[in-house]
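Colleague: Can you keep this structure in mind? I'll have questions shortly.
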Amino acid sequence: MTISSGFRSIAVAAIATAGVSLASAAHADSGKIRFSVYKAAFFVGGSGGEGTLTFHGRKYPISIGGVSGGLAFGVSKTYFQGTVRHIKRVRDVTGVYGAAGGGGTLGKGAQVIVMTNDKGAQLELTGRQVGLQVNADLSGLAISMR
């Protein structure tokens, strides 16, 4: 049984088109993010701040908010910068990020954190903290567009 060359050409074209479509759907980008957060806590804490997302050469203003509970006390300001991965559009950065962690800083200190939101966006951040903050808590962070 022979397969005609026309049918073979159509089959190859269909497979190639499907492969390109799947590759485009799986393709996700990354961007740069930087923000500062003020945090105050006495067992239950709150945080807030603002910053900038840079994606495809454009800058977008963002707002930060969060709540934490557990063993936490103090007041601090942290300057974060890093990369947000696995995003296809700017709005993928918005949402609630969660991470379990523990640590402490007295005076100036360094922070490192990786968090993920429900859309699959992953923040990889480093930070510099000023103030007194001690925690052993489960924290969350919410990012929204301004």
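The values are calculated or read from the model by the stated rules, or taken from the named source; none is laboratory data. The structure displayed is predicted, hence computed values, not measured ones. Reconstructed Cβ throughout: ideal geometry from the backbone, glycine too, with neighbour counts over all protein chains shown.
Colleague: Restricting to the stretch 108-125, and then to whatever is of a type in the set (A, V, I, L, M) and either loosely packed, with under 15 Cβ neighbours inside 10 Å or modelled with pLDDT under 75 (or both), can you tell me which residue is nearest to Val84 (Cα to Cα)? It would help to see each step written out before you state the result.
Modeller: As a first pass, look at the stretch 108-125 and keep what is of a type in the set (A, V, I, L, M): 110, 112-115, 121, 123, 125.
Add one more test, that the residue is either loosely packed, with under 15 Cβ neighbours inside 10 Å or modelled with pLDDT under 75 (or both), and what stays is 110, 112, 114.
Working: Ala110: 19, Val112: 14, Val114: 10 Å.
Checked the stretch 108-125; the qualifying residue nearest to Val84 (Cα to Cα) is Val114.
Colleague: Just checking, does the stretch 126-136 include any residue being modelled with pLDDT of 85 or more and at positive phi? Before you say what the answer is, go through the steps one by one.
Modeller: Taking the stretch 126-136 and keeping what is modelled with pLDDT of 85 or more, we get 126.
So of that shortlist, the ones also at positive phi come out as none.
No, every residue in the stretch 126-136 fails to be modelled with pLDDT of 85 or more and at positive phi.
Colleague: Right, Phe55: surrounded by 15 or more Cβ atoms within 10 Å (Cβ to Cβ), touching a Lys or Arg at 6+ places or on another chain (Cβ under 7 Å) and at pLDDT 85 or above or not? Even if it seems obvious, please write down each step before you answer.
Modeller: On the way: surrounded by 15 or more Cβ atoms within 10 Å (Cβ to Cβ): yes; touching a Lys or Arg at 6+ places or on another chain (Cβ under 7 Å): no; at pLDDT 85 or above: yes.
Criteria not met by Phe55.
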